[in-house]
Amino acid sequence: MTRKSVLMDHDGGVDDLLSLALLLTMPHVEVVGVAVTPADCYLDAALDATTKLLAWLGQKNVPVARGDLHGINAFPAEWRAQPRIINAFPIMLVQSARPEAIVSAPARTFLAEKIAAASRPLTVLMTGPASNLVAALETDPGLRHNIAEVVWMAGAIDVPGNVRTYAHDGSAEWNAFWDPVAARKLLAMRLPLTLFPLDATNHVPVSSGFLHELAAQQHNPLSAFAGQCWALTVNVIPHYDYQYFMWDILATGYLGCPQAITFRKMELAVVDDGKNAGQMIHAPGSGQWVTVAQSVDTPVFHRYLLQQFNTKLEISSN
């Protein structure tokens, strides 16, 4: 079996780190590198969590890169602190920090080098903003020919967004809002883009029913870790405002369970400033045709997650 080469760019949140763990359970996937963007995280804590997670799950040789780009609109500070809590989990405390896993090149250069060196077109999975990939492609537009697919969790198209600030109208999703200029440029680059907007992720809330099923297999260290991570989300986003969803998990899970998701082609563009900065809009005749996730067979997807988080992996004690 030829394994799919995947280059991941995440931004350190709870669902980003869970997505990395999920990706590492997929036998048909080879993770060739991980970049970490300082968006929904404080970077040092997210880098520690990333390198520890890779080591714990038997992937010490996967290089990690530090993002040095900063968006226009900062994530809330209380969200960005979540990797520090994950680093305090017992299973993470017994893992040694691995600064040697972090390469010297910044994430944008690291992505460019990895794409250029790939022996066949690879998949870029982005569960954070698009800044690093856009910067890499602006430096060398020819890199696009070595990209088989960009899978991106971002955007809100025909549903309300999840940005809540006094200067915004609520139409945007955070990954697009953090750097709306990069989001606009990414769509204009006309890459083979598969998008996971809130329109699809709204089908997969982090429900108590799912968490109960996950808890039933907590004898598996990976299931226990996932349950602890999702438990953090109960307090991250108050339910009286809006609920935590499997945003990044859905985009990542697509690589292993595409049959649970339906898609539609749409011609889209991104607004890059003003009160609706980061909003994805229909742009007939002037946008990019994008494959957009529309709906999810939630029971099928949940079964897949439970199966993957119950995988027996080569887990390291240190």
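The values are calculated or read from the model by the stated rules, or taken from the named source; none is laboratory data. Here the structure is a predicted model, which means the values were calculated and not measured. In this analysis, Cβ positions are derived from the backbone assuming ideal geometry, glycine residues included, and neighbour counts consider all displayed protein chains.
Just name the residue that is farthest from F196 (Cα to Cα) out of those in the range 23-46 that are β-branched (V, I, T) and part of a strand (DSSP E or B).
V32
So in the range 1-59, with the set limited to residues that are in contact with a Pro (Cβ under 9 Å, 6 or more places away or on another chain), buried (at least 24 other Cβ atoms within 10 Å of the Cβ) and polar (S, T, N, Q), which one is nearest to F75 (Cα to Cα)?
T37
Can you tell me which residues in the range 268-317 are assigned to a helix (DSSP H, G or I) and either closer than 21 Å to G71 by Cβ or of a type in the set (S, T, Y) (or both)?
T298, Y304
All but one of (1) surrounded by 20 or more Cβ atoms within 10 Å (Cβ to Cβ); (2) under 18 Å from N162 (Cβ atoms) hold for Y254; which doesn't?
(2)
Going by the structure shown, is H239 of a type outside the set (V, I, T), out of contact with any Leu (no Cβ under 6 Å at 6 or more places or on another chain) and at pLDDT 95 or above?
Answer is no for this residue.
Can you name every residue in the range 1-22 that is part of a loop (DSSP other than H, G, I, E, B), charged (D, E, K, R) and closer than 21 Å to Y244 by Cα?
D11
Among the residues of the range 173-209, which ones are part of a helix (DSSP H, G or I) and surrounded by fewer than 19 Cβ atoms within 10 Å (Cβ to Cβ)?
V181, A188, S208, G209
For the range 66-125, how many residues meet the condition of being in contact with a Gly (Cβ under 6 Å, 6 or more places away or on another chain) and modelled with pLDDT of 95 or more?
So the answer is 2.
Looking at the range 142-157, which of its residues are more than 13 Å from the chain's Cα centre (by Cα) and either buried (at least 22 other Cβ atoms within 10 Å of the Cβ) or in contact (Cβ under 8 Å) with a residue 12 or more places away in the chain (or both)?
If the condition is that a residue be more than 13 Å from the chain's Cα centre (by Cα) and either buried (at least 22 other Cβ atoms within 10 Å of the Cβ) or in contact (Cβ under 8 Å) with a residue 12 or more places away in the chain (or both), then L143, R144, H145, N146, I147, A148, E149, A156, I157 are the ones that fit.
Given the structure, is T233 within 26 Å of A260 (Cα to Cα) and not in a helix (DSSP H, G or I)?
no
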